[in-house]
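Data block below; observations after.
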């Protein structure tokens, strides 16, 4: 599910072309993934961090299962990072 849509941007007073919206959305998703991964790693012990790092380069559905089993606070971490990024976007909307 895309978080950054033309409708959302219009709601916060940002008007971008569809191409610019797509680029911003891709950047948002990449940043969200990176920040969430870092926060997850911060919650793990060394053994778990090594396991996750070994899996991180693969596109494996087992990673999701592993995360859900080993990081019970994953939904909260993801939501926190979404909220932070959206807040940053709203604060910086005049620079878009």
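Looking at the stretch 42-61, which of its residues are modelled with pLDDT under 90 and either closer than 18 Å to residue 76 by Cβ or loosely packed, with under 10 Cβ neighbours inside 10 Å (or both)?
Answer for the stretch 42-61, where residues must be modelled with pLDDT under 90 and either closer than 18 Å to residue 76 by Cβ or loosely packed, with under 10 Cβ neighbours inside 10 Å (or both): 52, 54, 57, 58, 59, 61.
Scan the stretch 6-38 for residues that are without any contact (Cβ under 8 Å) to a residue 40 or more places away in the chain, in contact with a helix residue (DSSP H, G or I) (Cβ under 8 Å, 6 or more places away or on another chain) and loosely packed, with under 13 Cβ neighbours inside 10 Å and report the count.
2
The values are calculated or read from the model by the stated rules, or taken from the named source; none is laboratory data. As the structure is a prediction and not an experimental result, all values here were calculated from the model. FYI the Cβ positions are ideal-geometry reconstructions off the backbone, even for glycines, and counts take in every protein chain you see.
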